[in-house]
């Protein structure tokens, strides 16, 4: 069992490693000199050279990568090139350390993500199972249609509509959320939730219907086992694994959605931070955010795999042998 | 087109909706009554003669801006999809054919790439290379490649392990023959369906990027950009954003309806396992 | 059992003494586009055993489930009644019906692995049945242990705490039976419980079932396609075709003096393991599907005795005696008919002792296995074939027989070049065969062709039949388009398929037709050696006989050498001159076919032979011609 966990962790580490390599490549290998991007096209060549030196851009890429990883593991992600600068007069003081800059947004996004995720999981399971059990009925069909509408609207549209309704028509909620308060959280969470639930609920529904069609559920009915018990002891355990998989896959969509939602509501999280960093070509910051955002999917899958492993007796014994 | 009769109402409605939006994107520029970039008057002016939707945040004709707002996104989506999908298709077939270590390595690599949420990946590339047409195309290809790869790979598994492929191998057929003559026909149906979903979804991605200000740049027009530029005035003159919002919505609803219809049909045609 | 409306008075008497009374059950699909089963009626008394025999598409599983008032998704029971101890199950409210299921009438499904809840332990599953149906039982643990012992399973706690996936197929099936017996039901319905199990496991399970029925005096409804199995378990049998019962009566009567043409055809098609053997005879055509039912008698399109009425009207129920029923318009015609049987001609099958027959294929000490990258390449720990040797003379058919895990398929694949043996060599003609098919010359690959097991995955669903057969021709020969076309048509003719098959696709074909196409594809290369991998195992008995006839014909006409792998000794008897019996990767006996059947030497061979359910002292169809 330990072997299995170690192997999985190894895979996760390798994936994250590859991720960081990609990010690093993207920001450093592709054409576009960051120094020029910072200083503007008409920058004096000497100034460009100085910046390049300061950013370490003159060394071979592999060295830079290794240095970067080494620093990253000690939570040093370099320094921002757009924030905390004081006019390049004294080159010694470049911007604020990235690690400082990301702490607060990280915390904020974590709050937003956890609240949204918990609500998402609960609602998806409830609605997904409910509609699956009553598949084909009027209520199922109407829920499907509503779900379709939510899928159809991209996050920014959904958010905009919610803003109109709740901020202008009935001014009960704030339209921007610069600070983290429960009222400020409502709309961002609602937007994220509604944009995802159409998809996840549908997938869970299909998964549950599939289990309902399996032979062992049919046989259970033929053995006279009451419906409630079938749901509890036959359906849910078998539907658990595929459902978790769905959420692992949804993690990607979730992160993307979070970026847009944070930007839309001015929520100070890593999503909006990432967007500003990209807009400002703040490479060290971009790198740090990209790794965090990209790593979420890998981590989510890992967590799902571990939970699946622990809840499935078959896998456990296979792993042990 | 005899398969049209096999499709359900859902699919037909869905495809119509998608095609309708495509048409607006393609032909919109011919229908625009005014120059979308010309400053006419006061920002957010209400509709008046010759300007049925009024003016946008910069005082330009909202209708014309909307009509030309689809074409870049559509072009970028189609080209970006083609590059990514062709590569993904070939690599997917190759990976499934090769099995073993090659397959595992390629699969792992594509999983890492997929791990990047599409938006984040595109933003990353834009950060590196700036928001231009070809950068967006490249970014979309990178988004589409691993996803198409994964789809092709999973669709081709069953065919790869079937007896008829084995018989072909024992006959001594070459790699390319098996990949394209024996395996790819099984992959085509899900691949085409996926294309039908992925291209409109790409349009949405471009719109999202534009909304964030990092996609199609002003003064060019894009639906996402329009929404971003005009959202502050939703209560003053919502007309500037209603059409782009509607178009994106119709696009997505259309895809999903079409997909639903396909699921239904597949269930229907499956002959009951009587014995 | 009398059930028609001609006996209204006795109906009242029968009603009370009948344990189960099924009347005119009809099941249709939800949209009522087609009928799956129709007009099914029969009675069952306490302790009686009743068999339902039919091939695929006959509706027997639908009927089995309908007895519990259940219909699968997309279907519904549209008319009829099922009276269990006087109460009509079909008219009960759901919660009451649920109470009867598992309690008074129980069901054992066909596939053991999917019939059990994989998420719970064995004893929890068993306990659940008691908790739901018989909560008043004072010692549930005792009852659980008791029922496990009855099915000849261990009753200790360690075994009880296992999960289904930790058990073998045979054990899983016994658990399913235990679940069906634990509430002491009045009737148990078994749906092909032995399908998919090895022959030896099957015979053990049959013994268990026989003992149980006798001990508990439970009534049994046993559904199967295997006539031999049915013969050994039940007293009464009903034969189904196209969703109808076409003949019914005592099992010994039916099997020795069948009256319906279909029943006769079935009995003529079953391979025999008994001494007086004849070649199995095919029923032309394919089994009918519910959405394809002809008006009138469902068997009419394939029947050699049909008259005009048969095509337009369903024959009514005819009572031949107190206990016998049949539905056919042309009984007298059919009864006059003497089947034209051919005895298994040993001379035709036999390998000549004369030296003039050369050795075509020589397998020498082949060992093969499945080593993952963890083991060393030449490690023998995962061998499934261990030092196997045998010869095949030119023009002969040799059969490799064994159960699953015996290594027979791996052995065949080594000959085909699809699996690399670890040790040993194979000679074909006078040359040594390269291990990998890729390393063999094109010519060598042409001379050895294989027909795979599963008809559903052996043909590319996206390629037309014509193109499937054309490809090997294009690959191996340089023919002009006209010559190719002519050859393809000739091949279709040789496998007895009409030329309109050229443009069709595999999904439109039946199992038997698909196998014929696969054979035609193999023949397109003009091979000298044909490797058949369980090619008839997934086909209905009647269709199976047709393929065997075809192979025999090919061998005689063209002198083709055949290696035929099968798990069924009975099937093999009619085409192989020599049999190689494998068990756990080793050859346990290898001899001429008739000697294997008449005087087997190895105890395992004996076990295999006695496990073949036979049709008893069945007179039908009588003496074959010499």
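What follows is calculated from the coordinates using simple rules that are stated; it is not laboratory data. Worth saying up front: this structure is predicted, and the values here are computed from it rather than measured. Backbone-built Cβ (ideal geometry, glycine too); neighbour counts: all protein chains shown.
Our helix-only sum for chain C, with -39,500 (n - 2.57) per DSSP H run of n ≥ 4 divided by its residues, gives a mean residue ellipticity at 222 nm of -9500 deg cm²/dmol. Annotation: peptides C:473-486, C:289-302, ranked by per-residue average of other Cβ atoms within 10 Å with the highest first, follow the order C:289-302, C:473-486.
Among beta bridges identified by DSSP and lying wholly in chain C, the antiparallel ones come to about 55 percent. Taking every residue in A:257-266 and counting other chain Cβ atoms within 10 Å of its Cβ, the average works out to 3.
Taking the Cβ-Cβ separation of residue A:137 and residue C:200 as r and a Förster radius of 45 Å, what is the calculated FRET efficiency to the nearest 0.05?
The value I calculate is 0.35.
Here the mean projected area of the convex hull built on the C-alpha positions of chain C is 31.2 nm².
How high is the FRET efficiency between residue C:134 and residue A:44 when r is their beta carbon distance and R₀ equals 60 Å, given to the nearest 0.05?
After rounding, the FRET efficiency stands at 0.05.
Does region B:1-153 classify as rounded, prolate or oblate by the C-alpha gyration tensor (a ≥ b ≥ c root eigenvalues; a/c under 1.5 gives rounded; else a/b over b/c gives prolate, otherwise oblate)? Note, shape of region B:1-153 comes out oblate.
Note on A:223-235: average number of Cβ atoms from other chains within 10 Å of each residue's Cβ is 5. Using alpha-carbon positions, what is the distance between the centroids of region C:490-517 and region C:119-184, in Å? Between the Cα centres of region C:490-517 and region C:119-184 lies a distance of 48 Å. Given the C-alpha centroids of region A:289-304 and region C:558-582, what is the distance between them in whole angstrom? Centre-to-centre (Cα) distance: 58 Å.
Please compute the average number of Cβ atoms from other chains found within 10 Å of each residue's Cβ in peptide C:107-118.
Values: counts 6, 2, 6, 3, 3, 1, 2, 6, 8, 4, 10, 8.
Across C:107-118, the average partner-chain Cβ count within 10 Å equals 5.
Report summary: the helix-based calculation at 222 nm, which adds -39500 (n - 2.57) for every DSSP H run with n ≥ 4 and divides by the residues of chain B, gives -23500 deg cm²/dmol.
Run a plain Debye calculation on region C:19-103 (Cα atoms as equal point scatterers, no solvent) and give log10 I(q)/I(0) at q = 0.19 Å⁻¹, rounded to two decimals, same order as the q list. Debye curve over Cα of region C:19-103, log10 I(q)/I(0) at q = 0.19 Å⁻¹: -0.87. Spin-label model, residue C:318/residue B:20: points 7 Å from Cα along the beta carbon direction are separated by 6.5 nm.
All distinct Cα pairs of the protein assembly as shown go into the 1/r average, and the inverse of that average, the Kirkwood radius, is 35.0 Å.
Judged by the mean number of other Cβ atoms found within 10 Å, the most tightly packed of the peptides B:237-245, C:313-321, B:97-105 leads the ranking B:237-245, C:313-321, B:97-105.
State the antiparallel share, in %, of DSSP beta bridges confined to the protein assembly as shown, rounding to the nearest 5. Before the final figure, lay out the partial values.
On the way: 52 of 90 bridges.
The antiparallel proportion sits near 60 percent.
Scoring C:457-463, A:119-125 by mean Cβ neighbours within 10 Å over their residues and listing the highest first yields C:457-463, A:119-125. Approximating the spin labels as points 7 Å out from Cα along Cα→Cβ, the residue A:119-to-residue C:439 distance works out to 6.6 nm.
Compute the FRET efficiency between residue B:177 and residue B:35 as 1/(1 + (r/R0)^6), taking r as their Cβ-Cβ distance and R0 = 45 Å, and round to the nearest 0.05. Computed FRET efficiency for residue B:177 and residue B:35: 0.25. Angle of helix C:541-558 to the longest C-alpha principal axis of chain C, folded into 0 to 90 degrees and rounded to 10: 10°.
For chain B, the longest principal axis of the Cα atoms and the long axis of helix B:239-269 meet at an angle of about 20 degrees. Taking Cα atoms only, the orientation of helix C:199-216 departs from the longest principal axis of chain C by about 10 degrees. The distance from the alpha carbon centre of region B:120-169 to that of region A:106-175 is 30 Å, rounded to a whole number.
The mean sequence distance of close C-alpha pairs (under 8 Å, at least 6 residues apart), as a share of the length of chain C, puts its relative contact order at 15 percent.
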